[in-house]
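Notes follow the structure.
The values are calculated or read from the model by the stated rules, or taken from the named source; none is laboratory data. Note that the coordinates shown come from a computational prediction; the quantities given were computed from them, not determined experimentally. Cβ sites come from the backbone with ideal geometry, for glycine too, and all protein chains shown count toward neighbours. Note: accessible area is taken over every heavy atom of the protein model, side chains too, but ligands, DNA and RNA are not part of it. Shrake-Rupley method; radii C 1.70, N 1.55, O 1.52, S 1.80 Å.
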Amino acid sequence: MRDRLAACDPGLLRLTAGLRTVTALGLTLAVLAALRVPVPQLVAGAMAAMVATFAVRERQRSRQAVTLALGLPVALVSVSLGTLLNRHVVAGDLFFVALIFCAVYGRRFGDRGTALGLIGFQIYFLSLFVHATVSVLPALYGVIGVAFGCSAAARFVLVPQTPAGTLDRLRRAFRARLGQLIGTQLELLDAGPEEVDKVLADLRTGTARLHETALMIQGRLADGTSDEALARLLQRRIAEAEIAAERLGLLLLTARSAERTDTLTLHLPGAALPLGGELPVRDEATAGLRRDLRALRLLVLVPAGEAAGTAPSRVRDRLLGYREEENLPSASPAVQDVFRGLGEAARAALGLRLALEGALDASDDAPPTARSREELDTEDAAIEAGEGGTTEEAGPTGLRRPTTRAAVQVAAGSSLAIVGGELLSSQRWYWAVLTCWIVFLNTASTGEILMKGYRRLLGTVLGVVAGIGLAGLVGHHTWTAFALVLLFVFAMFYTAPLSYTLMSFFVTAMLGLLYTLLNTYSPSVLLLRVEETALGAGCGVIAAALVLPVGTDRRTNELLVGVLDRLADVTRAAVDQLSGGPVADLVERARELDQALADLRAATQPLTHPITPLRARRDTARYVVALLETCAYHGRSLAATAELLPTHPAIAADPRLRGAGARIVRNIEAIAAHVADPRSPASVETGPSIASMLEPGTLGTPRYGRVTDRVLRHLQRLDEAVSGLARPLGLVPDRSAKPWTAERTALPEK
């Protein structure tokens, strides 16, 4: 159950956010109830505590304390201005628009600017919601002060969260998700023809979730580790384990097929597995595979301190022996490859355990384990001696800066929402403004805003139905209503990263209870909220489409060019290092590629949403993203292999690889140039397949664990994926270009 919880909520980030907010609300309500404040001020205190808790997103506790301390005077000024200007319609509306502009523009100053802007906006909204008057301002000051104090107590005392603790929980989540992925691979081994499609879909999901966790760890390494060398070591070991697990899945798929399974099968939803394979069968080799997959899963999941006896070390020795071509069963080459992949995965699991838990008892090590330890120790020393760090690129300025553009758009949309909201209701027009504000959060294109507005409207409609029912059940039972509010707040924060529709549902249901507490509830009030929500979403879409618009196509093209640039950078640097060039921080560059691809995947959601009417465009977008994920996998694998070069005893640099890498990089750059400007004369070159270097007799008979042939195989798959990427993006290959030629040789072995 612990592993399931860790895998379901990596780092327990959602659970912590929900518990911390509920704790802050509950503590605030308890203090204010002890002071016998009236119900409207209880509602104001609960809302202020919620804002003070979720607005602060910085990771360092010292910075959180400073931001929270600065947020209190911002909140007091905001509630004062909201109360004073509420009676002056024109002046109040103009100030509200200016406040919205400043709050969004503040995002350019990082997490602190974002938090202070959010506090200023939400507390101003609070003054409108509770209909604050000048006479109750002193009491509101006290209520907000109590709310901020209780928020600080919840954050720093009752539900503390440190960067190191979060990173440790994320590492546990990575191991749990890795164990789940191996469990799915075990299911794939035994899946019959009617089950294989479902298991294959689970395999894709498990691979994507493992990759997601690796990216989350990457984003927390700088804050959660004590020194840069340890951060680089963890980064390397996480990357190796991820690559080994994904490769093991591909080898299993190939063993089930009559032909090689393309990497795209793991990334493209709905891609079919080639038929005619050998598995599942019941023979000695596949029985050994089942046994060893279970053993690998236990080696990943069970901490060293809980692994009693010599059995775990013997199992590890057996798995690592497959890397040395030891004890391979008599089976087809594809099945033998799976055993070799098990050996590579066991080696990655050993490296991950050494990085997470430190040195382990080596007294019972067999020769395969001893050799793997020596390799890992040598790599660790090289990592500690290396240099990390990357340089930041200069971003756009003026109205092209995303924060400035968004601030102008939100101000324009809010102005429309104020006018329309006043026409619908002079008392609750602010709901339209709130919706317009929210649909612009974490969005960057018209399509994203449209999709977020649709989800918010759907969640609001469903929440209204629930709110009407709950208001009738609760009646005037104040503390029952507050208990349900706490439950909905927890559910809101716990489900927010998973489903914006669910979050909107819980928000609206909670508001129905708050209206009941304020004695302003009626079904017409909640129906008015639906109308105001639809109006606010519409105003947001209109502003995004007419004011400094960024279309979905433009946004995705910009991100696509960024992904291709980073892919070219990773490929160039990896091949250069494999060819004898200088050492570079390749794993860091590969993670930058992964992050750029994650941004692109999020931006294409409006294009790939199930309800989109443009089916052909949706399929093309999915195919392009899947191809890019395939390219990223091979680029990531090349980067990890190249970083082994200075310490690995199996390979030496070969300058002849530059020709193969140069063609791939030129093709990637040509595609990027075409996406940026369709009139670009760039073209994709074709030539002899890199697979020609893999023909019988060209590699000699190297030990499988030596990566001489694997480098060329990754280059071949990357070349195929890049060539396949050109076609859906409208770039025709230039077959008249001078092809790259090279001797049919491989990397020389040390």
Seminar exercise, completed: The number of residues in segment 711-750 that are modelled with pLDDT of 50 or more and either surrounded by 19 or more Cβ atoms within 10 Å (Cβ to Cβ) or within 24 Å of L560 (Cβ to Cβ) (or both) is 23
For this session: May I ask you to list pairs of residues, at least six apart or on different chains, whose Cβ atoms are under 8 Å apart, with the first in segment 471-499 being in contact (Cβ under 8 Å) with a residue 60 or more places away in the chain and the second being part of a helix (DSSP H, G or I) and among the hydroxyl-bearing types (S, T, Y)?
Result: V489/T21; F490/T21; F493/T21
Seminar exercise, completed: Counting only residues that are under 22 Å from G26 (Cβ atoms), of a type outside the set (A, V, I, L, M) and either at pLDDT 85 or above or assigned to a helix (DSSP H, G or I) (or both), segment 464-489 contains a total of 6
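Please verify whether E379 is open to solvent by less than 30 Å² (accessible area, probe 1.4 Å) and at pLDDT below 70, treating the condition exactly as stated. Walk me through it before giving the result.
Values: open to solvent by less than 30 Å² (accessible area, probe 1.4 Å): yes; at pLDDT below 70: yes.
Answer is yes for this residue.
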For this session: Please find, within segment 490-503, the residue that is most open to solvent (accessible area, probe 1.4 Å) out of those that are assigned to a helix (DSSP H, G or I) and either of a type in the set (A, V, I, L, M) or within 10 Å of V22 (Cα to Cα) (or both).
Result: L502
Exercise. Out of curiosity, is R177 open to solvent by less than 20 Å² (accessible area, probe 1.4 Å), closer than 26 Å to T28 by Cα and not hydroxyl-bearing (S, T, Y)?
Worked result: no
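Of the residues A271, A258, A222, which is modelled with pLDDT under 90, farther than 19 Å from E592 by Cα and open to solvent by 30 Å² or more (accessible area, probe 1.4 Å)?
Working: A271 fails: open to solvent by 30 Å² or more (accessible area, probe 1.4 Å); A222 fails: farther than 19 Å from E592 by Cα.
On inspection, the qualifying residue turns out to be A258.
Scan segment 180-195 residue by residue and report those that are assigned to a loop (DSSP other than H, G, I, E, B) and surrounded by fewer than 21 Cβ atoms within 10 Å (Cβ to Cβ). Walk me through how you get there before you give the answer.
In the first step, residues of segment 180-195 are kept if they are assigned to a loop (DSSP other than H, G, I, E, B); the result is 191-195.
G192, P193, E194, E195 - these are the residues of segment 180-195 that are assigned to a loop (DSSP other than H, G, I, E, B) and surrounded by fewer than 21 Cβ atoms within 10 Å (Cβ to Cβ).
Could you tell me whether segment 62-69 includes any residue that is of a type in the set (G, A, S), crowded, with 20+ Cβ neighbours inside 10 Å and in contact with a helix residue (DSSP H, G or I) (Cβ under 8 Å, 6 or more places away or on another chain)?
Initial filter on segment 62-69 (of a type in the set (G, A, S)): 62, 65, 69.
If we keep only those that are crowded, with 20+ Cβ neighbours inside 10 Å too, we end up with none.
Within segment 62-69, not a single residue is of a type in the set (G, A, S), crowded, with 20+ Cβ neighbours inside 10 Å and in contact with a helix residue (DSSP H, G or I) (Cβ under 8 Å, 6 or more places away or on another chain).
Results for (1) at pLDDT below 85; (2) open to solvent by 40 Å² or more (accessible area, probe 1.4 Å); (3) in a helix (DSSP H, G or I), shown as yes or no for each residue.
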| residue | (1), (2), (3) |
| --- | --- |
| F505 | no, yes, yes |
| M510 | no, no, yes |
| S524 | yes, yes, yes |
| L535 | no, yes, yes |
| G538 | no, no, yes |
| L548 | yes, yes, no |
Exercise. If only one of R428, R373, R401, R405 is of a type in the set (D, E, K, R) and modelled with pLDDT of 85 or more, which one is it?
Worked result: R405
Problem set entry | Inter-residue pairs, beta-carbon under 8 Å, first over 30 Å from Q577 (Cα atoms) and in segment 608-637, second open to solvent by 70 Å² or more (accessible area, probe 1.4 Å), 6+ apart | T608/R622; R622/P269
Seminar exercise, completed: Residue pairs within 8 Å by beta carbon, gap of at least six or interchain, first lying in segment 289-311 and more than 17 Å from G341 (Cβ to Cβ), second at pLDDT 85 or above and aromatic (F, W, Y), listed first then second, are none
For this session: May I ask you to list pairs of residues, at least six apart or on different chains, whose Cβ atoms are under 7 Å apart, with the first in segment 1-18 being open to solvent by less than 40 Å² (accessible area, probe 1.4 Å) and the second being part of a helix (DSSP H, G or I) and polar (S, T, N, Q)?
Result: A7/Q180; P10/T213; G11/T166
Exercise. If a residue has to be open to solvent by 40 Å² or more (accessible area, probe 1.4 Å), in contact (Cβ under 8 Å) with a residue 24 or more places away in the chain and within 30 Å of the chain's Cα centre (by Cα) to count, how many in segment 398-430 make the cut?
Worked result: 4
Exercise. So is V433 modelled with pLDDT of 90 or more and over 27 Å from T612 (Cβ atoms) or not?
Worked result: yes
Exercise. Looking only at segment 136-160, which residues are surrounded by 19 or more Cβ atoms within 10 Å (Cβ to Cβ) and not in a helix (DSSP H, G or I)?
Worked result: V159
Exercise. With (1) part of a helix (DSSP H, G or I); (2) farther than 27 Å from A103 by Cβ; (3) open to solvent by 40 Å² or more (accessible area, probe 1.4 Å); (4) not acidic (D, E) as the list, and R36 as the residue in question, which single condition is left unmet?
Worked result: (1)
Exercise. Of the numbered conditions (1) assigned to a helix (DSSP H, G or I); (2) within 15 Å of T83 (Cβ to Cβ); (3) in contact (Cβ under 8 Å) with a residue 12 or more places away in the chain, A132 satisfies every one except a single condition; which is it?
Worked result: (1)
Exercise. In segment 431-451, how many are open to solvent by less than 30 Å² (accessible area, probe 1.4 Å) and closer than 17 Å to L535 by Cβ?
Worked result: 11
For this session: Give just the number: which of (1) outside any helix (DSSP H, G or I); (2) under 30 Å from P402 (Cα atoms); (3) open to solvent by 20 Å² or more (accessible area, probe 1.4 Å) does E58 not satisfy?
Result: (3)
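Could you tell me which of the residues F121, F96, F109 is without any contact (Cβ under 8 Å) to a residue 24 or more places away in the chain and either surrounded by 23 or more Cβ atoms within 10 Å (Cβ to Cβ) or part of a helix (DSSP H, G or I) (or both)? Reasoning before the result, please.
On the way: F121 fails: without any contact (Cβ under 8 Å) to a residue 24 or more places away in the chain; F96 fails: without any contact (Cβ under 8 Å) to a residue 24 or more places away in the chain.
Just a single option satisfies the conditions, and that option is F109.
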For this session: Would you check which residues across segment 452-489 are surrounded by fewer than 23 Cβ atoms within 10 Å (Cβ to Cβ) and among the charged types (D, E, K, R) and list them?
Result: R455
Exercise. Hey, among A334, A346, which residue is at pLDDT 80 or above, in contact with a strand residue (DSSP E or B) (Cβ under 9 Å, 6 or more places away or on another chain) and open to solvent by less than 40 Å² (accessible area, probe 1.4 Å)?
Worked result: A334
Exercise. Within the bounds of segment 590-601, is there any residue that is over 23 Å from A673 (Cβ atoms) and among the hydrophobic types (A, V, I, L, M, F, W, C)?
Worked result: yes
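Determine whether W437 is touching a helix residue (DSSP H, G or I) at 6+ places or on another chain (Cβ under 8 Å) and assigned to a helix (DSSP H, G or I). If you could, list the steps in order and put the result at the bottom.
Values: touching a helix residue (DSSP H, G or I) at 6+ places or on another chain (Cβ under 8 Å): yes; assigned to a helix (DSSP H, G or I): yes.
Yes; evaluated as a whole, the condition is true for this residue.
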For this session: Select, from L19, L81, L13, L68, the only residue that is assigned to a helix (DSSP H, G or I) and more than 29 Å from the chain's Cα centre (by Cα).
Result: L81
Exercise. All but one of (1) open to solvent by 10 Å² or more (accessible area, probe 1.4 Å); (2) modelled with pLDDT under 80; (3) on the phi < 0 side of the Ramachandran plot hold for G697; which doesn't?
Worked result: (3)
